[in-house]
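Since the structure comes first, as structure tokens, the remarks are kept for the end.
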Amino acid sequence: MRDLSTFKGCPAPQPVRLEGRFVVIEPYERGTHLEALWEGLGGMAINPLLTYFTQPDFGGIEDFDAWLTTVQKGGWVTLVFRDKATDAVVGMGNYMRPDPANGVVEIGGVAHGPAMSRSPLATEVHYLLARHVFDDLGYRRYEWKCHNENEPSKVTAKRYGFSFEGVFRQHMLSKGKNRDTAWFSMIDSEWPVIRAAFEAWLSPENFDETGRQRRRLEDLRAELAASPT
């Protein structure tokens, strides 16, 4: 366990550029990214994609623009995901609700556009985001929260190595209805195994000639966790 007797907190997350083998993560800039992000998330198809986001459905790119402006003013650090193979903007995520004094931050407002489906991009994105939080900023706890009815998000959180912690009942309102929120986290003591599993999964050796994975991320993590240290 980490010695906290001299812990002085962590830097607040800032806009950052992170690069992997498949994807580049960039700080959101309205002039550069607004239209590209809107199109990358499907244009008006964004509303079904963001079914479980709390804001009302968007009537068009103007509403999307206004929402992004509002959340950034509220302290979100909005990052966009760019596919290195095509240079297209394909998704977004946000560092949210930072608590630097206690070393806690959340990843949320995550949207993977259609181009991220069935590719290594999403896995690498979340490896890079978590690595920055733990290795660069020194955080102790990294959170993932979602609407309790959002089963795909819950499955994804577990696949990436987040642990389910419970459901906050009647936590907030979402699109005029109640939202129970499922909470997940990973912590710094777990990160070395989670990081090693991500890196093993993302390595070229884990993909066959058609680009399909040879081993599942969950299986790699379980094997590493069971290995003697």
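Structure summary
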| item | result |
| --- | --- |
| Subset tally (residues that are assigned to a helix (DSSP H, G or I) and within 21 Å of Gly20 (Cβ to Cβ)) for region 181-229 | 20 |
| Region 25-55 - residue that is of a type in the set (Ser, Thr, Tyr) and under 20 Å from Arg82 (Cβ atoms) and, of those, surrounded by the fewest Cβ atoms within 10 Å (Cβ to Cβ) | Thr32 |
| Residues of region 140-157 that turn out to be in contact (Cβ under 8 Å) with a residue 40 or more places away in the chain, of a type outside the set (Lys, Arg) and assigned to a loop (DSSP other than H, G, I, E, B), as a count | 2 |
| Count - residues of region 57-92 that are in contact (Cβ under 8 Å) with a residue 40 or more places away in the chain and within 25 Å of Phe134 (Cα to Cα) | 12 |
| Some residue of region 16-36 being in a loop (DSSP other than H, G, I, E, B), among the hydroxyl-bearing types (Ser, Thr, Tyr) and at pLDDT below 95 | no |
| Those residues of region 64-109 which are among the hydrophobic types (A, V, I, L, M, F, W, C), more than 22 Å from Gly138 (Cα to Cα) and part of a loop (DSSP other than H, G, I, E, B), in sequence order | Ala85, Ala88 |
| Residue match in region 196-217 (condition: at pLDDT 95 or above, of a type in the set (Phe, Trp, Tyr) and within 22 Å of the chain's Cα centre (by Cα)) | yes |
| Count of residues meeting criterion [at positive phi and either of a type in the set (Phe, Trp, Tyr) or modelled with pLDDT of 95 or more (or both)] in region 138-185 | 4 |
| Index of the failed condition, Thr69 passing every other in (1) on the phi > 0 side of the Ramachandran plot; (2) surrounded by fewer than 14 Cβ atoms within 10 Å (Cβ to Cβ) | (1) |
| Region 215-229 residues that are within 12 Å of Phe198 (Cα to Cα) and touching a residue at least 60 places away in the same chain (Cβ under 8 Å), paired with ones that are hydroxyl-bearing (Ser, Thr, Tyr) and assigned to a helix (DSSP H, G or I) (beta carbon under 7 Å, 6 or more apart) | Leu217/Thr123 |
| Check on Ser119, at pLDDT below 95 and either more than 15 Å from the chain's Cα centre (by Cα) or crowded, with 20+ Cβ neighbours inside 10 Å (or both) | yes |
| Check on Arg131, assigned to a strand (DSSP E or B) and surrounded by fewer than 20 Cβ atoms within 10 Å (Cβ to Cβ) | no |
| Subset of region 158-180 (residues that are in a loop (DSSP other than H, G, I, E, B) and crowded, with 22+ Cβ neighbours inside 10 Å) | Gly161, Phe162 |
| Count - residues of region 93-130 that are free of Cβ contacts under 8 Å to residues at least 12 places away in the same chain and of a type outside the set (Gly, Ala, Ser) | 2 |
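The values are calculated or read from the model by the stated rules, or taken from the named source; none is laboratory data. All of these numbers come straight from a predicted model, not from anything done at the bench. Note that we place each Cβ from the backbone using ideal geometry, even for glycine, and neighbour counts take in every protein chain shown.
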